[in-house]
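Right, one structure below, let's go through it.
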Amino acid sequence: MNWDRIEGNWKQLKGKAKQQWGRLTDDQLDVIAGKRDQLLGKIQEQYGITREEAEKQITAFENRFGSKDSSLHH
């Protein structure tokens with residue numbers, strides 16, 4: 001797992017994040033710019049979920065797209 005990889009490839013992964021969290025707008029995703037803590041806060045705010053649940057969702061996203069072996073084209 002490597003969040004730096006996600007942050008570094010945010011332009012490509014922004015669409016994947018939009019698929020995962022459809023309530024987030026393109027503008028919000030641009031402001032988030034791959035920063036994990038900002039993504040966490042926006043998911044909590046938009047979905048009305050706990051920090052723990054948002055963390056689980058982000059960790060799943062990170063596991064899918066953050067490893068060196070993962071393709072950006074999943």
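The values are calculated or read from the model by the stated rules, or taken from the named source; none is laboratory data. What you see is a predicted model, and the numbers here were worked out from it, not measured in a lab. These accessible areas exclude ligands, DNA and RNA; they are computed on the full protein's heavy atoms, side chains included. Shrake-Rupley method; radii C 1.70, N 1.55, O 1.52, S 1.80 Å.
For Thr25 and Leu40, calculate 0.36 nm times their separation in residues minus their Cα-Cα distance, and state this gained length in nm to one decimal.
Length difference between fully extended and current span is 4.0 nm.
In the chain, what percent of the accessible surface is made up of carbon and sulfur (1.4 Å probe, ligands and nucleic acids excluded)?
The computed percentage sits at 45.
As an exercise, take the mean of 1/r over every pair of distinct alpha carbons in the chain, invert it, and state the Kirkwood radius in angstroms.
12.1
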